[in-house]
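**Student:** Structure below; questions to follow.
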2 protein chains.
Amino acid sequence: MSERITLGHGSGGELTGKLVEEIFIASYGGCRVRRLEDSAIIDGLSGGAAFTTDAFVVRPLFFPGGDIGKLAVFGTCNDLAVAGARPRFLSISFVLEEGLLLDDLRRVCESIGEAAGLCGVEIVAGDTKVVERGAADGLYISCAGIGTLLAEGLGPEAIRPGDAIVVSGPIGDHGSCIAVARGMLKLAGDVSSDCGFVGPAAEALLGLGVRMMRDPTRGGLATVVVEMARASGLGARLDEAAVPVSRQTASVCDILGFDPLYLACEGRLVAVVPADRADAAVAVLRSFNGEAAAIGQFTEGKPRVVLATRVGGQRIVDKLAADQLPRIC
Amino acid sequence: MSERITLGHGSGGELTGKLVEEIFIASYGGCRVRRLEDSAIIDGLSGGAAFTTDAFVVRPLFFPGGDIGKLAVFGTCNDLAVAGARPRFLSISFVLEEGLLLDDLRRVCESIGEAAGLCGVEIVAGDTKVVERGAADGLYISCAGIGTLLAEGLGPEAIRPGDAIVVSGPIGDHGSCIAVARGMLKLAGDVSSDCGFVGPAAEALLGLGVRMMRDPTRGGLATVVVEMARASGLGARLDEAAVPVSRQTASVCDILGFDPLYLACEGRLVAVVPADRADAAVAVLRSFNGEAAAIGQFTEGKPRVVLATRVGGQRIVDKLAADQLPRIC
């Protein structure tokens, strides 16, 4: 079975139809995709909606704990969840490289179907383009998502001095997993990506008066907290010793010189909660992941982030200009 | 000014922020994009909505009459319009190749802003990924769109034997334009793409009891009518002499051996209307483009498309297995 993608699969003709029928519909198509119309008719969005999009170019396509398909679905659904919305509808568009193994595409699509099931979303629209060999790297996915809004008023304006910063589990596992999967180092034992859906944890926090949530993907935890500080106009303190990092990811960082604060997560959320709800928030998050933790707080003062280091010092945390690791998602 | 895209522009860090601020927001960002949140909050979708996505990989990026940015906005809005919806919100995600000229990206984004203005849509969400030199061809765009539904019950089930098929203007100009822009032949004078928004024409037809509409992009007019016939279970007849084709596109087809019936349009619609509304439909469409025409009808019998040729013969029209011209959109 070494059938491969040809330019004809992107023609909109019979070969495209075959791809849609035999791979997309077989893997994740609901009744709306079956109609093969240009647009899907959706409903039930009367209470306000959230809309998001992400492109996925991760290399390699398959890695321990996930693949580009799962990443696309979870990444898009997580963006909706942290906005206080329940994901409902997704669209998936592919750019495929001529020569891609159909079996690899099928595996990615099955993964998309499985992840969509976990998130409770329906994939209702799609598109496929094929480019010549050498004009892409296997396949790229763009995913857009619509969710129904469960809560309003989340955002940096809601953050108050004294609010606690909590994280839903160990950070940086996706980043370190990709580094290992690219052969940047040999490690005894796998690092598995944290690639997953944060929706249930996010919904649980809505009941606790959460001020704002984000999922720390590209740029990691540090970038998210810096952006929150800038957007709220408040300072923030992070306690390095309180930030959960897995043993494997800590090893990868030691060896490769990465800072885990900047490594991507793909199944974690960072939330800001009123100080008196911090314990309750951590308790709720620990019901999903035992390593959830309170890691800092917002403060009066300049909109910058100060890290209290493990050795008792302090340093300013800023966004990186560029990346520790490109094509992480 | 030969600044170029680097991998750092896709990092999610400071360089990404600069790109968003100086190019995306400057070109097309409304207040929602300004918040730089993971999701945009949208509303007013209570009456039912249409949702669609398309990926764009057209080569070259710029061509007479348009570019990849315009194509993305018009293509996505047209998919909504032919579904009986008024386009409202778009998301734009980019895959950029390292080394792309920032000026080229800026030009594409300005084009996106201009086209969005013409279509009356707001761009509310976006994402940018950068891949290494050689892992893409300049830039690819994925666009998803949401529209409010103006009419229900459009679709192949609504088509009846005797219904007329109308087209909103000359076909194939986008396809022939791309062929010329790629240097496949030298032509005296440009062929300009028909790249444009069909929304106003589509809305005008809603008042005339239109049964179904499609925009004939990849695969052209022939593919759309074949799909309509298969989905409705009815036959269709097309009258070759009645199908409008510009002089320039006819020349390109003569020289390169293309069949205009399969060449992509990017600013036309094909509509099915009750027989007694055909004249009115053509009259309405001619108020937008003087060459709109009635080109055939649906019939009882096998779900296949018969073309009455210009020379008095008949032939079966089917979908092509592959493409006359890859990467047309």
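**Student:** Go through (1) of a type outside the set (Val, Ile, Thr); (2) at pLDDT 95 or above; (3) farther than 27 Å from A:ILE23 by Cα and name the single condition A:GLU114 misses.
**Tutor:** Among (1) of a type outside the set (Val, Ile, Thr); (2) at pLDDT 95 or above; (3) farther than 27 Å from A:ILE23 by Cα, the lone unmet condition for A:GLU114 is (3).
**Student:** Taking the condition of being charged (D, E, K, R) and in contact with a Pro (Cβ under 6 Å, 6 or more places away or on another chain), how many residues in region A:170-213 meet it? Let's see the steps before the verdict.
**Tutor:** As a first pass, look at region A:170-213 and keep what is charged (D, E, K, R): A:173, A:182, A:186, A:190, A:194, A:203, A:211.
Retained after the next criterion (residues that are in contact with a Pro (Cβ under 6 Å, 6 or more places away or on another chain)): A:190.
Number of matching residues: 1.
**Student:** On to the next question. When the residues of region A:4-17 are filtered to those that are under 31 Å from the mean Cα position of the chain (by Cα) and open to solvent by 20 Å² or more (accessible area, probe 1.4 Å), which remaining residue is nearest to the other protein chains (Cβ to nearest Cβ)?
**Tutor:** A:LEU7
**Student:** Just to check your reading of the model, which residue among A:ASP127, A:ASP103 is acidic (Asp, Glu), open to solvent by 10 Å² or more (accessible area, probe 1.4 Å) and not in a strand (DSSP E or B)? Steps first, please.
**Tutor:** Values: A:ASP127 fails: not in a strand (DSSP E or B).
Answer to the check: A:ASP103.
**Student:** Next up: Which members of region B:55-65 meet the condition of being of a type outside the set (Lys, Arg) and open to solvent by 10 Å² or more (accessible area, probe 1.4 Å)? Lay out the reasoning, then the answer.
**Tutor:** Of region B:55-65, the ones of a type outside the set (Lys, Arg) are B:55-58, B:60-65.
Correct list: B:PRO60, B:LEU61, B:PHE62, B:PHE63, B:PRO64, B:GLY65.
**Student:** So which residues in region A:174-197 are open to solvent by less than 30 Å² (accessible area, probe 1.4 Å) and within 30 Å of B:ILE41 (Cα to Cα), if there are any at all?
**Tutor:** Scanning region A:174-197 gives A:HIS174, A:GLY175, A:SER193, A:ASP194, A:CYS195, A:GLY196.
**Student:** For residues that are modelled with pLDDT under 80 and surrounded by fewer than 21 Cβ atoms within 10 Å (Cβ to Cβ), scanning just region B:30-43, find the one that is nearest to the other protein chains (Cβ to nearest Cβ).
**Tutor:** Restricting to residues being modelled with pLDDT under 80 and surrounded by fewer than 21 Cβ atoms within 10 Å (Cβ to Cβ), the top hit is B:ASP43.
**Student:** In this structure, is B:ALA271 closer than 19 Å to B:GLY196 by Cα, in a strand (DSSP E or B) and within 23 Å of the chain's Cα centre (by Cα)? Outline the logic, then answer.
**Tutor:** Values: closer than 19 Å to B:GLY196 by Cα: yes; in a strand (DSSP E or B): yes; within 23 Å of the chain's Cα centre (by Cα): yes.
Considered against the rule, which asks whether it is closer than 19 Å to B:GLY196 by Cα, in a strand (DSSP E or B) and within 23 Å of the chain's Cα centre (by Cα), B:ALA271 comes out as yes.
**Student:** Could you check B:ALA81 against (1) open to solvent by 10 Å² or more (accessible area, probe 1.4 Å); (2) in contact (Cβ under 8 Å) with a residue 40 or more places away in the chain and say which number it fails?
**Tutor:** B:ALA81 satisfies every listed condition except (1).
**Student:** Can you tell me which condition A:SER46 does not meet? The list is (1) open to solvent by 40 Å² or more (accessible area, probe 1.4 Å); (2) out of contact with any strand residue (DSSP E or B) (no Cβ under 8 Å at 6 or more places or on another chain); (3) over 30 Å from B:ILE123 (Cα atoms), and all the others hold.
**Tutor:** Status for A:SER46: all satisfied but (3).
**Student:** Also, I was wondering about something else. Do we have B:PHE298 as open to solvent by less than 40 Å² (accessible area, probe 1.4 Å) and either of a type in the set (Lys, Arg) or under 23 Å from B:VAL180 (Cα atoms) (or both) here?
**Tutor:** Details: open to solvent by less than 40 Å² (accessible area, probe 1.4 Å): yes; either of a type in the set (Lys, Arg) or under 23 Å from B:VAL180 (Cα atoms) (or both): no.
It is false that B:PHE298 is open to solvent by less than 40 Å² (accessible area, probe 1.4 Å) and either of a type in the set (Lys, Arg) or under 23 Å from B:VAL180 (Cα atoms) (or both).
**Student:** Condition first: closer than 28 Å to B:THR53 by Cα and charged (D, E, K, R). Now tell me which residues in region B:305-329 satisfy that.
**Tutor:** If the condition is that a residue be closer than 28 Å to B:THR53 by Cα and charged (D, E, K, R), then B:ASP318, B:LYS319, B:ASP323, B:ARG327 are the ones that fit.
**Student:** Okay, next question. Any residue at all in region A:87-98 that is over 30 Å from B:THR148 (Cβ atoms), in contact (Cβ under 8 Å) with a residue 12 or more places away in the chain and touching a helix residue (DSSP H, G or I) at 6+ places or on another chain (Cβ under 9 Å)?
**Tutor:** Going through region A:87-98, the residues over 30 Å from B:THR148 (Cβ atoms) turn out to be A:96-98.
Subsequent filtering for residues that are in contact (Cβ under 8 Å) with a residue 12 or more places away in the chain retains A:96-98.
Right, trim to touching a helix residue (DSSP H, G or I) at 6+ places or on another chain (Cβ under 9 Å) and you get A:96, A:98.
So far as region A:87-98 goes, yes, one or more of its residues are over 30 Å from B:THR148 (Cβ atoms), in contact (Cβ under 8 Å) with a residue 12 or more places away in the chain and touching a helix residue (DSSP H, G or I) at 6+ places or on another chain (Cβ under 9 Å).
**Student:** Taking B:SER251 as meeting all but one of (1) touching a residue at least 24 places away in the same chain (Cβ under 8 Å); (2) within 14 Å of B:SER168 (Cβ to Cβ); (3) among the small types (Gly, Ala, Ser); (4) open to solvent by 30 Å² or more (accessible area, probe 1.4 Å), write down the number of the exception.
**Tutor:** Against the list (1) touching a residue at least 24 places away in the same chain (Cβ under 8 Å); (2) within 14 Å of B:SER168 (Cβ to Cβ); (3) among the small types (Gly, Ala, Ser); (4) open to solvent by 30 Å² or more (accessible area, probe 1.4 Å), B:SER251 comes up short only on (2).
**Student:** Is it the case that region B:227-236 has a residue that's more than 15 Å from B:ASP173 (Cα to Cα), open to solvent by 10 Å² or more (accessible area, probe 1.4 Å) and among the basic types (Lys, Arg)?
**Tutor:** First, the residues of region B:227-236 that are more than 15 Å from B:ASP173 (Cα to Cα): B:227-236.
So of that shortlist, the ones also open to solvent by 10 Å² or more (accessible area, probe 1.4 Å) come out as B:227, B:230-234.
Checking the rest, the ones that are also among the basic types (Lys, Arg) come to B:230.
So far as region B:227-236 goes, yes, one or more of its residues are more than 15 Å from B:ASP173 (Cα to Cα), open to solvent by 10 Å² or more (accessible area, probe 1.4 Å) and among the basic types (Lys, Arg).
**Student:** Still on this structure, I have one more. Please tell me if A:ALA204 is open to solvent by 10 Å² or more (accessible area, probe 1.4 Å) and either hydrophobic (A, V, I, L, M, F, W, C) or over 30 Å from A:ARG315 (Cα atoms) (or both).
**Tutor:** In short, yes.
**Student:** Further question: For region A:313-329, how many residues are at pLDDT 90 or above and polar (S, T, N, Q)?
**Tutor:** Within region A:313-329, residues that are at pLDDT 90 or above and polar (S, T, N, Q) number 1.
**Student:** If B:ILE68 satisfies all but one of (1) closer than 30 Å to B:VAL191 by Cβ; (2) facing chain A (nearest Cβ under 7 Å); (3) open to solvent by less than 10 Å² (accessible area, probe 1.4 Å); (4) β-branched (Val, Ile, Thr), what's the number of the condition it fails?
**Tutor:** All conditions are met except number (2).
**Student:** Does any residue of region B:275-298 turn out to be among the small types (Gly, Ala, Ser) and modelled with pLDDT under 95?
**Tutor:** Filtering region B:275-298 for residues among the small types (Gly, Ala, Ser) gives B:275, B:278, B:280-281, B:283, B:287, B:290, B:292-294, B:296.
From what is left, the residues that are modelled with pLDDT under 95 are none.
No: region B:275-298 contains no residue that is among the small types (Gly, Ala, Ser) and modelled with pLDDT under 95.
**Student:** Looking at (1) touching a helix residue (DSSP H, G or I) at 6+ places or on another chain (Cβ under 8 Å); (2) in a loop (DSSP other than H, G, I, E, B); (3) open to solvent by less than 30 Å² (accessible area, probe 1.4 Å), which is the one condition that is false for A:ALA135?
**Tutor:** Condition (1) is where A:ALA135 drops out.
**Student:** Which ones in region B:18-29 are touching a residue at least 12 places away in the same chain (Cβ under 8 Å), open to solvent by 20 Å² or more (accessible area, probe 1.4 Å) and of a type outside the set (A, V, I, L, M, F, W, C)?
**Tutor:** Passing the criteria: B:SER27, B:TYR28.
**Student:** For region B:157-266, give me every one of the helices (runs of 4 or more DSSP H) that falls completely inside it and has 2 or more residues that are under 17 Å from the mean Cα position of the chain (by Cα), within 17 Å of B:PHE63 (Cβ to Cβ) and not assigned by TED's automatic domain parsing to the domain that holds B:GLY120. Walk me through it before giving the result.
**Tutor:** Working: elements: B:173-181, B:199-206, B:220-232, B:247-256.
Counting at least 2 such residues, we get B:173-181.
**Student:** Still on this model: Please identify the pairs in which a residue from region B:102-129 that is on the phi > 0 side of the Ramachandran plot has its Cβ atom under 9 Å from the Cβ atom of a residue that is open to solvent by 50 Å² or more (accessible area, probe 1.4 Å) and part of a strand (DSSP E or B), counting only partners at least 6 apart or on another chain.
**Tutor:** B:GLY120/B:ARG86; B:GLY120/B:ARG88
**Student:** Look through B:VAL57, B:VAL73 and report the one residue that is at the interface with chain A (Cβ under 9 Å from one of its Cβ atoms), of a type outside the set (Phe, Trp, Tyr) and within 20 Å of the chain's Cα centre (by Cα).
**Tutor:** On the way: B:VAL73 fails: at the interface with chain A (Cβ under 9 Å from one of its Cβ atoms).
Every option except B:VAL57 fails the conditions.
**Student:** Also: Within the bounds of region B:70-81, is there any residue that is among the charged types (D, E, K, R) and modelled with pLDDT of 95 or more? It would help to see each step written out before you state the result.
**Tutor:** Kept after step one, since they are among the charged types (D, E, K, R), are these residues of region B:70-81: B:70, B:79.
When the remaining residues are screened for being modelled with pLDDT of 95 or more, the result is B:70, B:79.
Yes, region B:70-81 contains a residue that is among the charged types (D, E, K, R) and modelled with pLDDT of 95 or more.
**Student:** Can you name the residue in region A:114-124 that is open to solvent by 10 Å² or more (accessible area, probe 1.4 Å) and out of contact with any Pro (no Cβ under 6 Å at 6 or more places or on another chain) and is also nearest to B:ARG59 (Cα to Cα) among such residues?
**Tutor:** Among them, the one singled out is A:GLU122.
The values are calculated or read from the model by the stated rules, or taken from the named source; none is laboratory data. Not measured: the values here are computed from a predicted model. When we count neighbours, we look across all protein chains shown, and the Cβ atoms used for this are built from the backbone with ideal geometry, even at glycine. Protein only, heavy atoms only, side chains kept; ligands, DNA and RNA dropped before computing areas. Shrake-Rupley method; radii C 1.70, N 1.55, O 1.52, S 1.80 Å.
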